[in-house]
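As structure tokens, the structure follows; a few thoughts come after it.
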Amino acid sequence: MADYGGSQHGIARTSRAQAQTADQRKLELDRIEKYRDLENQVRSYHAQGDYSPDVFQLTTRLLRLNPEYYTIWNVRRRSLISGLLSKPSHGSAPSRASQSSSPSPNITPSSANLSPSSSVAIQPSREVPTVGRTGTTADSCDSASPIKEHGEESTENEQQQQQQDLDLLISELRFTIPLLLEAPKCYWIWSHRSWVLQEAIGRLQRAAARRIWEEELGLVSKMLFKDRRNFHAWGYRRHVVDQLEGPTLGGISRVESEFEYTTQMIETDLSNFSAWHGRSKLIPRMLDERGADDEDRKAFLDEELGMINEALNVGPEDQSLWYYHQFLMLNLVSFVGRATIVPKFNLEERITYMSREIEGIKELLEDYNNIKLIYEALLDYTIMLCQLEERQPDASERADLVVWLQKLRELDPMRNGRWSDVARDYGLQEKITTPAAIKV
């Protein structure tokens, strides 16, 4: 059985390797035997094409022991659509959309490839609640029947079927909560929740389906509170937001609220790479939706540069901060054919901003003279500035490049080849000597 605790970003993987007594070893062997017996039962029923409610209960027991077992998740889904969920009639629900018309983005290899005989095409999702029956947020959805759209009529039988589906889908989401809390970086749990949410779109009235998707954002927030840099949760959040904004659920833009969410997460932890990355993806669209004019865009760039420079003054050794600073700098240099913050900036303005940032970074060396990322940024931005002006480095810049390259050789000898390439490209190679400490 897999050890599925997760071990990234300072969140330790759960350790199950402990010294065992003879009695403990016997208990462990008994547990393994029972697990294998349970696994053999499920696989035997699967081979026979039996997806009855009894098989569904067996998958519940097995997945609680090992949520990494992706084939069993497929068996569980087939049990759900083979009898437990109603047989949907096409067009019976306003929110109905085929799986192919609203695919979930991949966070894992496609589940369609997990079992050769599987007829259930599952597209795993990338991105979880305020807590209701789904294990997420408000409980107001718990007693709510699927809401009919204006002018839509449903028979009593259809309403009963939709209520049964709603209850079952909510129960399925609740089932995954304790598994997700124990294994927050397990692909297959996130994938299954995404599948359940897609089923809600296809089977429920739009209002009921939307309520479930909205609650899912609450779960994502709870998971990110536990581990702010869980990239599975960040990816899944983007997927949920995309669906809520889409026409199927009758959504509106959430770009402003998501941008504010990245601000809150960054203020909590400056090292949150996923929050900085998400912020960079939201900015072009947010400025467009605001209808920002040239002055608004310039003011926004100034504000973002001020925020990131303040962060760099505190933690210049943090790579996530330099990632975002580089994103802002590339808006000044690589601005042709792509959405940028300040598309109307003229060349003089771009040169002024780039030069100012280089001078600001040089000031960091007064307090931090042994941090590789500072020298690397100075090297990259000076070259960018020269490219922007379509010229070679002048004498002063060449002298700086020599000093910075020498320091990079000392601080990062593993990339000595790269520094040699830069030196050669700008005619600096003979001026740089390899430190004795790193000679072979």
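Which residues does the label zone of residue 20 cover in the range 28-52, counting backbone N under 13 Å from a point 7 Å along Cα→Cβ? So the set is 28-35. What is the Cα centroid distance between the range 203-279 and the range 327-358, reported in whole angstrom? When both Cα centres are located, 30 Å separates them.
Pairs from the list 298/362; 34/222; 34/226; 185/281; 34/87 with a Cα-Cα gap above 25 Å: 34/222; 34/226; 34/87. The portion of the accessible surface of the range 224-284 made up by carbon and sulfur, rounded to a whole percent, is 55 (1.4 Å probe; DNA, RNA and ligands excluded). Residue separation of residue 362 and residue 390 scaled by 0.36 nm, minus their Cα-Cα distance, works out to 7.8 nm of gained length. Of the residues 206, 415, ranked by 1.4 Å probe accessible area with the largest first, the sequence reads 415, 206. For residue 342, the shell of other residues with beta-carbons less than 15 Å away shows a net charge of -4, using +1 for Lys and Arg and -1 for Asp and Glu. For the pair residue 47 and residue 64, label points projected 7 Å from Cα toward Cβ lie 2.7 nm apart. For the pair residue 259 and residue 303 in one chain, pulling the backbone fully straight at 0.36 nm per residue adds 14.4 nm over the alpha carbon distance.
Separation of the range 368-387 from the range 400-417 is 11 Å, based on Cα centroids.
The values are calculated or read from the model by the stated rules, or taken from the named source; none is laboratory data. Just so it is clear, the structure is predicted and the values come from calculations on it, not from any experiment. Every residue, glycine among them, receives a Cβ derived from its backbone with ideal geometry; neighbour counts consider all protein chains shown. These accessible areas exclude ligands, DNA and RNA; they are computed on the full protein's heavy atoms, side chains included. Shrake-Rupley method; radii C 1.70, N 1.55, O 1.52, S 1.80 Å.
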